[in-house]
Every structure is written in structure tokens, then in C-alpha cells.
């Protein structure tokens, strides 16, 4: 297969790119899903709270037809009556408003999660561009939205028509229903139609949300070069990483060489390895390695040792063993205690004889 163009977005978005998009307010969004979920929640609340709402309307109508005139002549009584009815209206509408709000919030969270940013609210001068506005108005997205809206109207019309046709025999019997029960019968009929409409809209919304999610992921895709640049910016260029390692090595070497003058002895290979040993019976449980190095570092350790009067002892096997197995600042392992003790004893004897 031929290679794809270098500028083609074929790579999945990295976590960093997704996080940056979320910070800018660019998340997967669906206009249909919040509306459909909100409608489903509204119908569900209506099914449970509908009878109570109908009773409230019935009592309100009865009270209105009672022709009480004391509210008209007494301003305070009318004001109290008005406040009470407003409070009742808000209380009755509250479950429906909460259902719509929660439905929209839940649907939005399903699509894009919880995101809080003020960047989308920034004023953009290009939004005032007349050519840009016409371009957006007659874009492919606008055409898709128009077709989707027409399709929804057609689908809902077909569903309602099929439902009414299936209920024609039942509708014909409504003429014999008592007026007191007519509202309940009609409400049941309307609820059945709304349930079918909700199911259809929910299916359409899920399909539209899946498309929007796919489109969002597609727009966030990256080219191979963008992935390389992001990885490079995160990990740092090889030159910078090499320079950092070099500086770290220089600092560590400098600190290590500062401890050589305090060593008791430097054990050498003699030209390839040098290991500086320090031991204080009053403060240390065992000897430790304060510095070690090979080749040029070996020569540097020996140079500092000579300048500060630190004895240099040639023990090739012991020097190689210490250099390979003991880290700087670590205690000498037990299997080397005897060899180190012999060297330290020899150093003590030489100093004592002097």
C-alpha cells in the first residue's frame, strides 16, 4: 500500500491534545441528545405528577368560577390571593423545570463530561463577519441540521398518525365518557403518544450524538509530525537531554571529588579504577565509599589524593570489585570487610610508624 501523505491526520489525539481542547471549551456536543433526554424526563415526571397537576387546575378553575367578589373589594385580600396562587404555580412547575434541567445536564455530561472554561465566551471579531455568517448559514453542517429537522418532523408525524389510527376505535368511545373523567382519558391518550415520540427522538438523538462524537474525534486527530513534535516538547530534544545529563554528571562528580581529601585511603587498579574509602570508628558502623571513578576520573581522584596526603594503595582485584559493586556513599559489603580492614590496618601502621 502507498504511504499516506505526511500532512494527513491519521493519528489518534494524544491526552495532551484532548486536554488542551477541553480547556479551550472544545468538547463533543450534541444538540439533539439534551433535548431528547430533557423531553423524556419531562414526560416521566408528567406521568407521575400529572394527576396532581390536573386536580390543581380543576380546583383553580372551580375557584375562578365561584365568582367571589371579596377579592375585588379588598386589596389586601386580593394581593394575598395572588401571592398564594403564584407560589402554588411555582411549586407545581418546579418538578417539571428540575426534570428538564437535570436531563440537559446529564446528557451534556455523557457527551463531553464536566468542563468549566470561560474561553468560549471571549469576543471574536470574525463572528461579526457577514461573509463568514453566510458561509456558516449555507455550510454542510447547516444543511445536515435542516435535513435532520425535517426528518424528525416526518418521523414524529408518521408515529403520531400510526398511533391515532390504531386508537380510532377507542377515540370513538370518548363521546360517552363522563365529563369528570374526560380529562384523565385524554391525558392517557396523549401520554401514550408522547412516550412513542420520546422513544423515536431518543433513538435519533443517540445516533446524532454518536456522529458528533465521531466527528469530534476525527477533528482532533493529528498528523505524524504533530505527534512527534508533541512528544519532543514533552520529553525534550535529545541535545537538551544529553546536556542535562552532562551537567548532572559534572555536579555529581564535583561533589564526589570534594570528599576525596577526607578519605582514609584510595584503592587503585592502578590506572583504570580508583575507589576512595573513609572510615571513622566513632561515627560509622563500617567503612563507606566516598568516591570512585575510572580512566580520567581515576587519575583525578589520585591527583586530589596526592595533593591532600591521602594514601594510595594498589589492590587491582579489590579496586575492580569495589568499583563494580559498591555505590558512592554505600557501606562496604561484609564479604569485603576483611580486605578493607587489612588495608586500613596497614595505613594505620604506616602513620603510627611515622
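The values are calculated or read from the model by the stated rules, or taken from the named source; none is laboratory data. Note that the structure is predicted; figures quoted are calculated from it, not measured. Methodologically, a virtual Cβ is constructed for each residue, glycine included, from the backbone with ideal geometry; neighbour enumeration extends over all protein chains shown.
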| field | Meets criteria (in contact with a helix residue (DSSP H, G or I) (Cβ under 7 Å, 6 or more places away or on another chain) and at pLDDT below 75) for residue 230 | value | yes
| request: For residues that are in contact with a helix residue (DSSP H, G or I) (Cβ under 9 Å, 6 or more places away or on another chain) and not in a helix (DSSP H, G or I), scanning just the range 148-191, find the one that is farthest from residue 42 (Cα to Cα). | output: 177
| remark: Among 340, 347, 328, the single one that is in contact (Cβ under 8 Å) with a residue 60 or more places away in the chain and either under 14 Å from residue 257 (Cβ atoms) or surrounded by fewer than 14 Cβ atoms within 10 Å (Cβ to Cβ) (or both) is 328
| remark: Flagged in the range 150-171 as over 15 Å from residue 190 (Cα atoms) and free of Cβ contacts under 8 Å to residues at least 40 places away in the same chain, in numbering order, are 150, 153, 154, 158, 169
| Of these, 275, 317, which one is surrounded by 17 or more Cβ atoms within 10 Å (Cβ to Cβ) and either at negative phi or modelled with pLDDT of 85 or more (or both)? | 275
| task | Could you tell me which of the residues 96, 82 is assigned to a helix (DSSP H, G or I), at pLDDT 75 or above and closer than 23 Å to residue 194 by Cβ? | result | 96
| said: Whether any residue in the range 278-288 is surrounded by fewer than 12 Cβ atoms within 10 Å (Cβ to Cβ), assigned by TED's automatic domain parsing to the domain that holds residue 256 and closer than 18 Å to residue 258 by Cα is what I want to check. | reply: yes
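Residues checked against (1) in contact with a helix residue (DSSP H, G or I) (Cβ under 8 Å, 6 or more places away or on another chain); (2) modelled with pLDDT of 80 or more:
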site	(1), (2)
239	no, no
280	no, yes
283	no, yes
291	yes, yes
306	no, yes
| note | Within the range 15-64, residues being modelled with pLDDT under 75, exposed (fewer than 15 other Cβ atoms within 10 Å of the Cβ) and in a loop (DSSP other than H, G, I, E, B) number 1
| request: Go through the range 192-227 and give me each residue that's under 15 Å from residue 18 (Cβ atoms), part of a helix (DSSP H, G or I) and modelled with pLDDT under 80. | output: 216, 217, 219, 220, 226, 227
